[in-house]
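Peer 1: Next up is a structure, given as structure tokens.
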Amino acid sequence: MPLIDIHVLEGVFSDEEKARIIAGTAKAFGEVAGTTMQQMTSVRVHEVKSGHWGGAESIWTTERALEAKAKG
């Protein structure tokens, strides 16, 4: 049974948006893997504390993610 984990910074997405992310991700997986696999797919959204995620060049924050989200 497929399990899909998605990590986002805390405070960027509302509960409604996270529910839409979960449903949309499972549906997208099902479009490739088939209806039966879609029904067996679970998706988890993990929220990472602001400042506890980053790359070689910068540390990512909730504020930075909200700015990016606002740009679309």
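Peer 1: Which FRET efficiency value, to the nearest 0.05, do you get for Glu63 and Ala23 by plugging their Cβ-Cβ distance into 1/(1 + (r/R0)^6) with R0 = 35 Å?
Peer 2: So, using R0 = 35 Å, E works out to roughly 0.80.
Peer 1: Whenever you get a sec, compute what percent of the accessible area on the range 1-51 sits on carbon and sulfur atoms (1.4 Å probe).
Peer 2: C and S fraction of accessible area: 53 percent.
Peer 1: When averaged across all projection directions, what area in nm² does the alpha-carbon convex hull of the range 30-72 cover?
Peer 2: If you wrap the Cα atoms of the range 30-72 in a convex hull and average its projections, you get 5.0 nm².
Peer 1: May I ask you to list the aspartates and glutamates whose Cα is less than 19 Å away from that of Lys71, ignoring any residue fewer than eight positions away on the same chain?
Peer 2: In chain and number order, the partners are Glu10, Glu17, Glu63.
Peer 1: Continuing with this model, one more query. How far is helix 15-33 tilted off the main Cα axis of the chain, in degrees rounded to 10, range 0 to 90?
Peer 2: On a 0 to 90 degree scale, this one is about 50.
Peer 1: Then there is this: Given the convex hull of the Cα atoms of the range 1-46, what is a quarter of its surface area in nm²?
Peer 2: Its average projected convex-hull area is 3.0 nm².
Peer 1: Return one whole number: the accessible area per residue of the chain in Å², for a 1.4 Å probe.
Peer 2: Value for the chain: 72 Å² per residue.
The values are calculated or read from the model by the stated rules, or taken from the named source; none is laboratory data. The structure presented is a predicted model; accordingly, all values stated were derived computationally and were not measured. Backbone-built Cβ (ideal geometry, glycine too); neighbour counts: all protein chains shown. Side chains included, ligands, DNA and RNA excluded: accessible areas come from the protein's heavy atoms. Shrake-Rupley method; radii C 1.70, N 1.55, O 1.52, S 1.80 Å.
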